[in-house]
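A.B. asks: Right, I'll just put the structure down here and ask away after.
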Amino acid sequence: MSVSDLNSSLPISNQLTLGVGLDDDATFENFLIGFENQQAVEYLQYSGSEQFVYIWGNSSPGLTHLLQAACHQAAEQSRGAIYLPMKEKESLSSQILQGANSLSLVCIDDIQEIAGDAEWEAALFTAFNSIKDSDAKLLIAANSSPQVLDIDLADLHSRLQSGLILQLVSLTDEEKILALQLRARNRGMDLSDSVADFILLRAERSVQALMDILDELDKSSLVQKRKLTVPLVKSTLGW
């Protein structure tokens, strides 16, 4: 489903509920769990008992991947779920949150993007209250802890601090290489240590940026029918 498909005033109950732009590769099985993040990720994967979970971390520790993985898992279990990226809120209607309590899982990414937006803050506060009185679960991700978010609506700010708060830290360089190789292997590609090192030395270090590069290399490798080598990386990326 594209973002534009959701740019309407219909509530969730009247729309498809898998989510917006889910990445097929964003699964728990395809996520490298850094040593320091193991407990937090396993809690999300095995559906802990908390109704509201707030996960945060800076420097792109893979929060978007985890939210989408939770949606994929819910869909595989035939449970209604939705993924809403607030970086794309301008293409969405805040009314999409109406009926959130009818779902099994509501995942809202980059919640910091609604800070200061009265319409979205009010919509999320209303949805939060409806979910609290239902069997639905709410999973929210942000780039900072809820205590320091610049949310204007005091009651919402308080609600965001009321659940289980999990902090994820960025992967080490060694773990980023392993993450690249895991994703490559799941796509049927062989990414050697030397090629992975070459990419990491020259690319933006965020996990998402590295995965985007791997996507580009995957397409180039298929089109050119060449193995993933340093020369292929150089010619594809202009390095």
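The values are calculated or read from the model by the stated rules, or taken from the named source; none is laboratory data. Please read these numbers as outputs of a predicted model, since none were measured by experiment. Please note: Cβ atoms are built from the backbone with ideal geometry, for glycine as well, and neighbour counts cover all protein chains shown.
A.B. asks: Is at least one residue of segment 46-60 of a type in the set (Gly, Ala, Ser) and assigned to a helix (DSSP H, G or I)?
C.D. replies: No, there is no match, as no residue in segment 46-60 is of a type in the set (Gly, Ala, Ser) and assigned to a helix (DSSP H, G or I).
A.B. asks: Right, something else. Among the candidates Val169, Val223, Val207, Val195, single out the residue that is farther than 30 Å from Gln95 by Cβ, loosely packed, with under 13 Cβ neighbours inside 10 Å and of a type in the set (Val, Ile, Thr).
C.D. replies: Within the list Val169, Val223, Val207, Val195, the selection yields Val223.
A.B. asks: Mind telling me which of the residues Leu160, Leu149 ends up being in contact with a strand residue (DSSP E or B) (Cβ under 7 Å, 6 or more places away or on another chain) and without any contact (Cβ under 8 Å) to a residue 60 or more places away in the chain?
C.D. replies: Answer to the selection: Leu149.
A.B. asks: Hey, another quick one. Could you grab me the full set of residues in segment 171-205 that are under 18 Å from Thr27 (Cα atoms) and of a type in the set (Gly, Ala, Ser)?
C.D. replies: Passing the criteria: Ala179, Ala184, Gly188.
A.B. asks: Please work out which one of (1) out of contact with any Pro (no Cβ under 7 Å at 6 or more places or on another chain); (2) closer than 21 Å to Ser162 by Cβ; (3) modelled with pLDDT of 90 or more is the condition Gly48 fails and give its number.
C.D. replies: Looking at each condition in turn, Gly48 falls short on (3).
A.B. asks: So, one more: With the checklist (1) under 19 Å from Leu22 (Cα atoms); (2) in contact with a Lys or Arg (Cβ under 7 Å, 6 or more places away or on another chain) in hand, flag the one item Ile114 doesn't pass.
C.D. replies: (1)
A.B. asks: How many residues, within segment 128-152, are under 21 Å from the mean Cα position of the chain (by Cα) and closer than 19 Å to Ala70 by Cα?
C.D. replies: The total comes to 10.
A.B. asks: I'd like to check something: does segment 166-173 contain any residue that is closer than 30 Å to Leu217 by Cα and modelled with pLDDT of 95 or more?
C.D. replies: no
A.B. asks: Taking the stated definitions as given, is Ser102 surrounded by fewer than 19 Cβ atoms within 10 Å (Cβ to Cβ), in contact with a Gly (Cβ under 9 Å, 6 or more places away or on another chain) and in the same structural domain as Gln147 (by TED's automatic domain parsing)?
C.D. replies: yes
A.B. asks: Related question: Looking only at residues that are in a loop (DSSP other than H, G, I, E, B) and either charged (D, E, K, R) or at pLDDT 95 or above (or both) in segment 86-115, which one is nearest to Trp56 (Cα to Cα)?
C.D. replies: My answer is Asp110.
A.B. asks: Starting from segment 121-139, take each residue that is in contact (Cβ under 8 Å) with a residue 60 or more places away in the chain and list its partners that are outside any loop (DSSP other than H, G, I, E, B) and polar (S, T, N, Q), counting only C-beta distances under 9 angstrom and pairs at least six apart or across chains.
C.D. replies: Here the result reads Ile131/Asn101; Lys132/Asn101; Ala136/Asn101; Ala136/Ser102; Ala136/Ser130, each pair linking segment 121-139 to a residue that is outside any loop (DSSP other than H, G, I, E, B) and polar (S, T, N, Q).
A.B. asks: Given the conditions (1) touching a residue at least 40 places away in the same chain (Cβ under 8 Å); (2) part of a helix (DSSP H, G or I), and given that Tyr83 satisfies all but one, which numbered condition is not satisfied?
C.D. replies: Tallying (1) touching a residue at least 40 places away in the same chain (Cβ under 8 Å); (2) part of a helix (DSSP H, G or I), Tyr83 fails exactly one: (2).
A.B. asks: So Ala179 passes all but one of these: (1) of a type outside the set (Ser, Thr, Tyr); (2) in the same structural domain as Asp110 (by TED's automatic domain parsing); (3) buried (at least 19 other Cβ atoms within 10 Å of the Cβ). Which condition number does it fail?
C.D. replies: (2)
A.B. asks: Consider segment 71-95. How many of its residues are within 21 Å of Leu149 (Cβ to Cβ) and either small (Gly, Ala, Ser) or surrounded by 23 or more Cβ atoms within 10 Å (Cβ to Cβ) (or both)?
C.D. replies: Selection size over segment 71-95: 3.
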